[in-house]
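*Asks:* I am attaching a structure below and will ask some questions about it afterwards.
Values quoted throughout were computed directly from the atomic coordinates according to the rules given, and no laboratory measurement underlies them. Nothing here was measured: the structure is a model prediction, and the numbers come from that model. We place every Cβ from the backbone using ideal geometry, glycine too, and count neighbours over all the protein chains shown.
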Amino acid sequence: MGAGDLIWSTPLLPSRFDDGSVRALPLGEALRNSRRITGIEVEIPTMVPALLRQLLLPIVVHALGSPTSRQDWRQRFDRGEFSDTEWHTIEEYLVAHADRFDVLDPVQPFGQVADLRTAKGDTKGTALLVATAPSGNNVPLFATRTEADALRLELPAALRWMLHTQCWDTAAIKTGVVGDPKALGGKTSGNFTGPLGQLGVVLPVGRTLYDTLLLNTPIGVQQRLGVPHWGREPLGPRWEIRAPGGVLDLWTWQSRRIRLFPEETGAGIVVERAIVAAGDRFSAGVPDWETHTAWRKDKPAKGSTAAPLRPLRHAAGKAAWRGLDALLALESSSDESFQTSELLDQLSGLERSGAIDDSYPLRVETFGIVYGNQSAVIEDLIHDVIPVPVASMRGQGEAYTTVLEAADQAERLAAAINRLSADLRRSLGADPIPWDKGMRPGEQLLVALDPLVRRLLAGVSADAGDDDKLTRGLVAWELLAYDAVYRCAEPLFALPPAAFTGRTVHGPAKEQRYSLGLAANSFYTAVDKILPRAAAERRGPSNEE
């Protein structure tokens, strides 16, 4: 097999086309057909950002360069596909780096260390690479396999899982290998999770793979592009504690040293054994120019005015629209608690300059992993996708205020129904449901409101240029939300007669009276205040002349 053959022949990317068909394509063919590909159908959602960051984006950006201006970006975006010149450049790039893209190269296999080995010559099963397979302490709930079961991966799947491991691997102890001076007793400790495991990944997604690649390409960063790992010296067992040398280095960060052990079978090349050892670590945490996360602003240190930034992690079970305040915390808005991702903020400037149309069907996908037991095991995968109106990226205007108001109303309604539940329980002498025990009625309400908010977001995307339609859409949302909150509240009022009488609770400062009537009145007042348009519609037209 010739050097570079695999990058052209291995069907690495299962691609969904605009006609609904799905075909597994080699890298070059997927890029050539990117204008027709509408999604990547992989084993688990968190593999999507891994493939984009570790392979597709750095190849395209390193070959073609970063757009130099919004006008340059718009010209590429309006074209909707690679020009003949661009495609020729990408082909030349792949040929020039062919020796670094061969997964089976005996000297410098793609993304691996050729002679990686332990002192005893041990290897482990490929379950070590697969986030959903039991391996060591990482045993997913209800797993049907055990660590003793051999996991045979076809070569394309093994490569996908290898890239996923570089991005999302668990922390703690890794295999100690020959040539790693930090290895002790056959182990290397103190490893962090993969770089994406430290983020709440935010990915803007377009109509096609081509659009998605461009939506995830930062503008005007030529001075901090750096090079991907295949532009550096081949990896060895030694690893570094260092700062990323640019965007491409960050996207292709080698957080682990990995070696696959492929075998030739009658059915093709398969992988059953692998080594995963310690890899590079950030010297100062996640850099604040990371492109695929929103940020939480901490309080400035004493004597400083700069607010330190921390990656904003996603919470399991929390819909992405509930974080719209962070996703839309643009430079043009005034939010002081959050800062959106660089790419979403870039879209804000593109929208204001007219480089992207308000009617464009932009989506935002969020990804995350919940780790447990000192981040050494995977407890849950997080993935959601929501339509985000391009017009809301302006940071002001009707579309912006509509989507933020609806998300805020949903949260306030959940809080109101939780207060109702707590007050009714107190009226019977019981304690409120603890916030971390069981499911409170507010969570049930948010589940009921979820499709309504998503419908509103899609409607705002379609009607962003018509303020009258946006107003009518907000009224319709409030009426549906009004019905949903009362349906969720109704079972709470099925109480014994003692709730009517209620009880008085004596606190340290004052006494508080709790009864069904007081709780209901407070709840109805709160809902009318949260949903004023629905309340007005239900009251009907005024009788005043």
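*Asks:* Rounded to the nearest 20 debye, what is the charge dipole size of the chain about its Cα centre when +1 sits on each Lys and Arg Cβ and -1 on each Asp and Glu Cβ? Spell out each step's value before the answer.
*Replies:* Values: 59 positive and 68 negative charges, 361 e Å.
Dipole size: approximately 1740 debye.
*Asks:* Then there is this: With a point put 7 Å past each Cα toward its Cβ, work out how far residue 408 is from residue 512 in nm, to one decimal.
*Replies:* 2.5 nm
*Asks:* Just to verify a number: FRET efficiency for residue 533 and residue 455, C-beta to C-beta distance, R0 = 22 Å, to 0.05? Show your work: numbers first, answer last.
*Replies:* Numbers: r = 16 Å, r/R0 = 0.75.
E between residue 533 and residue 455, to the nearest 0.05, is 0.85.
*Asks:* To continue, here is another question. Sorted from largest to smallest, which semi-axis lengths in Å does the alpha carbon gyration tensor of the stretch 5-282 give for its equivalent ellipsoid, taking the root of 5 times each eigenvalue?
*Replies:* Numbers: eigenvalues 196, 91, 63 Å².
Each semi-axis is √(5λ); the values are 31, 21, 18 Å.
*Asks:* Do the alpha carbons of any pairs in 318/469; 120/174; 318/437; 318/510; 174/297; 297/318 sit beyond 25 Å of each other, and which pairs?
*Replies:* Numbers: 318/469 29 Å; 120/174 15 Å; 318/437 16 Å; 318/510 36 Å; 174/297 33 Å; 297/318 20 Å.
Exceeds cut-off: 318/469; 318/510; 174/297.
*Asks:* Kindly point out which whole DSSP H helices in the chain project their C-alpha atoms 20 angstrom or further along the helix axis while averaging a Kyte-Doolittle hydropathy of 0.5 or above.
*Replies:* Details: long enough: 398-427 (42 Å, -0.28); 441-462 (32 Å, 0.75); 467-489 (33 Å, 0.08); 516-530 (21 Å, 0.69).
For the chain, where a helix must reach 20 Å along its axis and average at least 0.5, the hits are 441-462, 516-530.
*Asks:* Using the basic label-point model (7 angstrom from Cα toward the beta carbon), what is the residue 284 to residue 490 distance in nanometres?
*Replies:* Between residue 284 and residue 490, the simple spin-label model gives 5.9 nm.
*Asks:* Can you show me the helix-derived [θ] at 222 nm for the chain, built from DSSP H runs with n ≥ 4 at -39,500 (n - 2.57) apiece and divided by the number of residues, rounded to the nearest 500. Can you show the working numbers first?
*Replies:* Details: 17 runs with 190 residues, N = 545.
Counting only the DSSP helices, I get -10500 deg cm²/dmol.
*Asks:* While we're here: With the crude spin-label approximation of a point 7 Å out along Cα→Cβ, what separation in nm comes out for residue 120 versus residue 359?
*Replies:* Distance between the two pseudo-spin positions: 6.6 nm.
*Asks:* Would you mind ranking 48, 201 so that the residue whose beta carbon has the fewest other beta carbons within 10 Å leads the list?
*Replies:* Working: 48 21, 201 30.
Fewest-to-most Cβ neighbours within 10 Å comes out as 48, 201.
*Asks:* Give me the mean projected area, in nm² to one decimal, of the convex hull enclosing the Cα positions of the chain. Please report the intermediate quantities before stating the final value.
*Replies:* Details: hull surface 131.3 nm².
The number I arrive at for the chain is 32.8 nm².
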